[in-house]
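The values are calculated or read from the model by the stated rules, or taken from the named source; none is laboratory data. What you see is a predicted model; the values in this text were computed from it and never measured. Neighbour counts run over all protein chains shown; Cβ positions are idealised from the backbone, glycine included. The accessibility values were calculated without ligands, DNA or RNA, using every heavy atom of the protein model including side chains. Shrake-Rupley method; radii C 1.70, N 1.55, O 1.52, S 1.80 Å.
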Amino acid sequence: MRWWDIEPVMALELRLFPEDAWSHAMYWSELAEAHPGGTRHYTVATSGDGAVVGYAGLMAIGAEGDVQTIAVAPGHQGTGLGAALLTDLVEESARRGCTELLLEVRVDNVRAQQLYERFGFQPVGVRRGYYQPANVDALVMRLDHPSNQPTYDSTHDSKDPDHG
């Protein structure tokens with residue numbers, strides 16, 4: 001993801017997450033750390049015509065990684081794009097030496113939870129009222145020892161990605 005991707009990412013962000021969308025400033029701040037040696041890794045997926053149809057972000061500090069966000073445009077959900085974006089984040093966390101990868105997912109986003117479970121993420125806790133202003137709880141999930149070869153059962157692809 002580059003600075004010129006922020007506008008199309010924001011359009012998709014507001015469409016997918018109207019209640020708890022990130023702001024332009026949050027993306028600018030995240031991208032400020034997405035450089036060689038930085039603590040962030042962001043990627044976008046584009047369609048054949050160059051439109052942004054998905055994006056994902058990772059924070060990696062020391063041995064701990066955190067999936068910041070994953071989103072897939074409605075017309076591209078169920079195609080494996082969410083799995084491809086998550087694979088990129090898992091591989092990047094392993095490349096950076098993370099021994100665990102964490103994420104938060106809305107408790108009402110069962111499809112995303114199923115995607116994460118297929119990658120080996122396990123529930124480890126709940127953050128009450130994490131998603132505001134809707135006051136929706138977040139399920140905290142962890143993947144221990146991410147590897148460069150993520151385990152993924154592609155027979156059941158998720159249509160509804162996480163937003164963390």
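Structure notes:
- Over the chain, relative contact order from alpha-carbon pairs under 8 Å, at least 6 apart, %: 22 percent
- The chain: most fluctuating residue of Ala45, Ala34, Ala11 per GNM, C-alpha cutoff 10 Å: Ala11
- Residue-count net charge about Asp5 - beta-carbon cut-off 14 Å; Lys, Arg +1, Asp, Glu -1: -1
- Normalising the Debye intensity of the chain to I(0), with uniform scatterers on Cα atoms only, and taking log10 at q = 0.12 Å⁻¹ returns -0.47.
- Percent accessible area from carbon and sulfur atoms, the chain, protein chains only, probe 1.4 Å: 51 percent
- Count Lys and Arg as plus one, Asp and Glu as minus one, and take only other residues whose Cβ is under 15 Å from that of Gly38; the net charge is then 0.
- For the chain, the solvent-accessible area works out to 48 Å² per residue, with a probe of 1.4 Å and every protein chain left in place.
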